[in-house]
Amino acid sequence: MNLRSIDLNLLPVLEAVYDERSLTRASEILRITQPAVSNALSRLRTYFEDPLFVREGRGVKPTAMAEALMPAVREALDKLRAGLEPRSVFEPSRSTRVFNLSARDAGAFLIAPALAARLEQMAPGVRISWSQLHRSAVAAELASGRLDLAIDVSDLLGVDMERETLLSTPYVCVLSPDHPQADQALTQDTFFDLRHITVSSRREGRSLIEEMARTVGRRIMPTQRLPHYMTALEIVRQTQLALVAPRQIAENTGLAVLALPFDYPSPESTLYWHREYAGDPALTWMRSLIRDIARELTDSEQQKAPVTAA
């Protein structure tokens, strides 16, 4: 295939039909006529020598070729849109920019819902692509522009990487409501007698709960290690296992939430971006949104009563 032989204006049509599964809705989004959409698809089919879409009910569904094309098409269009966004001005209500963000499980849980609500009201055309990059890759991805912002622990290293502390996250112990310890305050002995599970994004190395144990000269061996809190919380609900989790994630789950029986500094979540893109109005706006959300979460946490036995 020769890239020079394809009209790049056809790619937004491919994306719109793929997303909407309808030529009619695609034409409405693109603000062109349905015959124009059909004509664009005809040209794309000729170029790729594939139907790309076949009828399904009242709409269409993509062929295997279309499915294979879409990741590259989206990436190309996202970069083009970001590159063409005027650098001197950013209008959220009119923008169709895609922001690429990376966050750990807890960071995404805390920030993403509130961010989505704000975008729905302020910038309905803006899209967020969340990922969970390995920490060693964050600096390079920010430098390349493939990643716009990252939310992670406070000690990531990288050349020309700027940072700002967002919030600290107090941790608690979570148990099933029918656990024998669920209605009693924890002592260090009762805590370390519990059978634990842990959440960590890493496959190896000590998890948070194991590091906590080391601070008081104890040792713990979690029975299970998982990458996501939602799965871990459901395991706690159905078993007699214990989980140490961020308070904001554990509360309102119907599980017993108990204070830890020792002092442990609340881990900090930090926002990272690359110095080269610090002046981008769109990224400045997005950082401001995330900063406001973090401030509200911090204010809300400070107004809560201390955690005791459930």
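The values are calculated or read from the model by the stated rules, or taken from the named source; none is laboratory data. Keep in mind it's a predicted model, so treat the numbers as computed, not measured. Because the Cβ atoms are built from the backbone with ideal geometry, glycine has one as well, and the counts that use them run over all protein chains shown. Areas reflect the complete protein model, heavy atoms only, side chains present, ligands, DNA and RNA absent. Shrake-Rupley method; radii C 1.70, N 1.55, O 1.52, S 1.80 Å.
Things worth noting here:
- Normalising the Debye intensity of segment 117-242 to I(0), with uniform scatterers on Cα atoms only, and taking log10 at q = 0.09, 0.22 Å⁻¹ returns -0.40, -1.32.
- Its relative contact order, with pairs defined as Cα atoms under 8 Å and 6+ residues apart, puts segment 1-134 at 19 percent.
- Packing order of peptides 131-143, 51-63, highest average first: 131-143, 51-63 (average count of other Cβ atoms within 10 Å over each peptide's residues).
- Computed on the Cα atoms alone, the convex hull of segment 36-128 gives a volume of 174 cubic angstrom per residue.
- For q = 0.13, 0.23 Å⁻¹, Debye-computed log10 I/I(0) when each Cα of segment 199-275 counts as one equal scatterer: -0.46, -1.32
- Summarising the amide proton neighbourhood of Leu166: residues at separation of 5 or more, or on other chains, whose placed amide H is nearer than 5 Å comprise Ser269, Thr270, Leu271.
- Counting only DSSP beta bridges whose two residues both lie in the chain, roughly 60 percent are antiparallel.
- Most to least packed among 28-34, 72-78, 268-274 [average Cβ atoms within 10 Å]: 268-274, 72-78, 28-34
- Pairwise centroid distance, computed over Cα atoms, of segment 188-241 with segment 1-52, Å: 50
- Among Ser102, Ser42, Ser300, the residue with the largest mean-square fluctuation in a Gaussian network model of the chain, with springs joining Cα atoms closer than 10 Å, is Ser42.
- Its residues counted as N, the chain yields a C-alpha radius of gyration over 2.2 N^0.38 Å of 1.23.
- Backbone HN-Hα couplings from phi across segment 282-288 [Karplus 6.51/-1.76/1.60, Hz, Gly and Pro as x]: 5, 6, 4, 5, 5, 4, 5
- FRET efficiency, 1/(1 + (r/R0)^6) with R0 41 Å, evaluated for Thr33 and Ala137 via beta carbons: 0.40
- Radius of gyration (Cα atoms) of segment 1-155, expressed as a multiple of 2.2 N^0.38 Å: 1.20.
- Placing unit charges on each Cβ (+1 for Lys and Arg, -1 for Asp and Glu) gives the chain a dipole about its Cα centre, and among Ile6, Thr165, Leu283 the Cα reaching farthest toward its positive end belongs to Ile6.
- Computed label-point distance, nm, for sites Ser288 and Ile235 using a 7 Å Cα→Cβ extension: 4.3
- The chain, relative contact order in percent, only Cα pairs under 8 angstrom and at least six apart counted: 20
- Rounded to the nearest 10 square angstrom, Ser288 shows an accessible area of 40 square angstrom against a 1.4 Å probe.
- The chain, helix-only ellipticity at 222 nm - DSSP H runs n ≥ 4, -39,500 (n - 2.57), divided by all residues, nearest 500: -13000 deg cm²/dmol
- Exposure of Thr253 as accessible area (Å², to 10), given a probe of 1.4 Å and all protein chains: 30
- Vicinal HN-Hα couplings computed from phi for segment 266-274 (Karplus, 6.51 cos²θ - 1.76 cosθ + 1.60; Hz; Gly/Pro x): 5, x, 9, 9, 10, 9, 10, 8, 8
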